[in-house]
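Here the structure is laid out as structure tokens; the discussion comes afterwards.
The values are calculated or read from the model by the stated rules, or taken from the named source; none is laboratory data. The structure displayed is predicted, hence computed values, not measured ones. Cβ atoms come from the backbone with ideal geometry, glycine included; neighbour counts cover every protein chain shown.
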């Protein structure tokens, strides 16, 4: 497959994951939509997807060596010293009027499916952009699963301090992400939800699962070519 076709296909897949156009419930792999929803009094307009807005955290490493930071895992870290992190690591919310503890607490009852992480170097080493993250999910019965998240730069990417990483995983109170942060470096992670689930939405007579459209961070740019340039590219 040619590179251009590959990237178009990859972007289309990412957009579908965000928009929920397949109609699937991202948390149970079952259909969201049924023929009798209107009869049941469900407000169908509530299903209209809106553009995803991120849950943002900054992770700072004041140590002189690379140090592992832990993000989320609210059931354990919300009440732990330094939110479960070693000395020298500070995790904070990057969203105005929202504390990191508030974000952790929300994940305990309002789970979300992450569709993309926007990774930024605020200061320090750019090695953090492609650092492998360890994602661990746990159930109260003791069953756990760990997998690696490996961000990669787009070969066409020119910027050195930001990265869009498309990967789908669920965040709840037991989800833990361990990230190695380079020495004397501050990173910002923007977790864009492709879906959220909140049982409180039932009070408004709407479905508890809401899907989101993908964020428009990378904008396509139109290029105007002269007739001679177009012919040259076309091999004429």
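Annotation: residue 124 fulfils all but one of (1) out of contact with any strand residue (DSSP E or B) (no Cβ under 7 Å at 6 or more places or on another chain); (2) modelled with pLDDT of 95 or more; (3) on the phi > 0 side of the Ramachandran plot; the unmet one is (1). Cβ-Cβ distances below 6 Å connect the following pairs, each with a first residue in the range 186-211 that is on the phi < 0 side of the Ramachandran plot and free of Cβ contacts under 8 Å to residues at least 40 places away in the same chain, a second residue that is in a strand (DSSP E or B) and surrounded by 19 or more Cβ atoms within 10 Å (Cβ to Cβ), and a separation of six or more residues or different chains: 208/197.
With a requirement of 2 or more residues that are free of Cβ contacts under 8 Å to residues at least 40 places away in the same chain, the strands (runs of 3 or more DSSP E) lying completely within the range 60-159 that satisfy it span 89-93, 133-138, 144-149. Only a single criterion out of (1) buried (at least 17 other Cβ atoms within 10 Å of the Cβ); (2) touching a helix residue (DSSP H, G or I) at 6+ places or on another chain (Cβ under 7 Å) is not satisfied by residue 88, namely (2). If you check 231, 210 for being more than 26 Å from residue 76 (Cβ to Cβ), crowded, with 20+ Cβ neighbours inside 10 Å and at pLDDT below 95, only one passes: 210.
Within the range 169-192, being closer than 17 Å to residue 111 by Cβ, touching a helix residue (DSSP H, G or I) at 6+ places or on another chain (Cβ under 6 Å) and in a strand (DSSP E or B) holds for one residue alone: 171.
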